[in-house]
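Report on the following structure.
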Amino acid sequence: QCQLNGLWKNDQDSLMEISVLRDNGDFQGQYLTRVTLSGGCAQISPLKGTQQQLGEEGWPAFAFMVRWDKFSNATTAFVGQCFVDAGGKETLTTMWLLREAVGSLEEDWKATR
């Protein structure tokens, strides 16, 4: 069974720490990205999410949001699932959408990545 709480590192060397995992599946933590829109120094950003509650079998799907408010006017939503291989290694697979604030409706086309 996957446990989301703890420290995770992705392929881009960004770090995510899930420090609070409640019984109802809600969680919170922080994200330190090595990839920034502005090219500036990476800073810690808050994250909040929830995981699907499962029985004894299966691996949980989850979703979380990160506000990059300290260095960018953007928010990213992640969705994914946790897997455990035969050796017991836990892996999170995710897809994400990043939304950056724009100044007008006409610029909306370029706001989501």
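The values are calculated or read from the model by the stated rules, or taken from the named source; none is laboratory data. These figures come from a predicted structure and were not determined experimentally. Methodologically, a virtual Cβ is constructed for each residue, glycine included, from the backbone with ideal geometry; neighbour enumeration extends over all protein chains shown. Note: areas computed on protein heavy atoms with side chains; ligands, DNA, RNA excluded. Shrake-Rupley method; radii C 1.70, N 1.55, O 1.52, S 1.80 Å.
The test for being among the charged types (D, E, K, R), modelled with pLDDT of 90 or more and over 12 Å from the mean Cα position of the chain (by Cα) does not hold for Glu56.
Would you say Val35 is open to solvent by 40 Å² or more (accessible area, probe 1.4 Å) and either modelled with pLDDT under 70 or farther than 18 Å from Thr91 by Cα (or both)?
Working: open to solvent by 40 Å² or more (accessible area, probe 1.4 Å): yes; either modelled with pLDDT under 70 or farther than 18 Å from Thr91 by Cα (or both): yes.
So Val35 fits the description; yes.
Determine the pairs where a residue that is free of Cβ contacts under 8 Å to residues at least 12 places away in the same chain and more than 15 Å from Phe64 (Cα to Cα), located within segment 3-27, has a partner that is open to solvent by less than 50 Å² (accessible area, probe 1.4 Å) and part of a strand (DSSP E or B) with Cβ atoms under 6 Å apart, the partner being 6 or more residues away or on another chain. Listed pairs, sorted by first residue: none to list. Give me the residue from segment 1-27 that is over 13 Å from the mean Cα position of the chain (by Cα) and of a type in the set (A, V, I, L, M, F, W, C) and, out of that set, surrounded by the most Cβ atoms within 10 Å (Cβ to Cβ). Checked segment 1-27; the qualifying residue surrounded by the most Cβ atoms within 10 Å (Cβ to Cβ) is Leu21.
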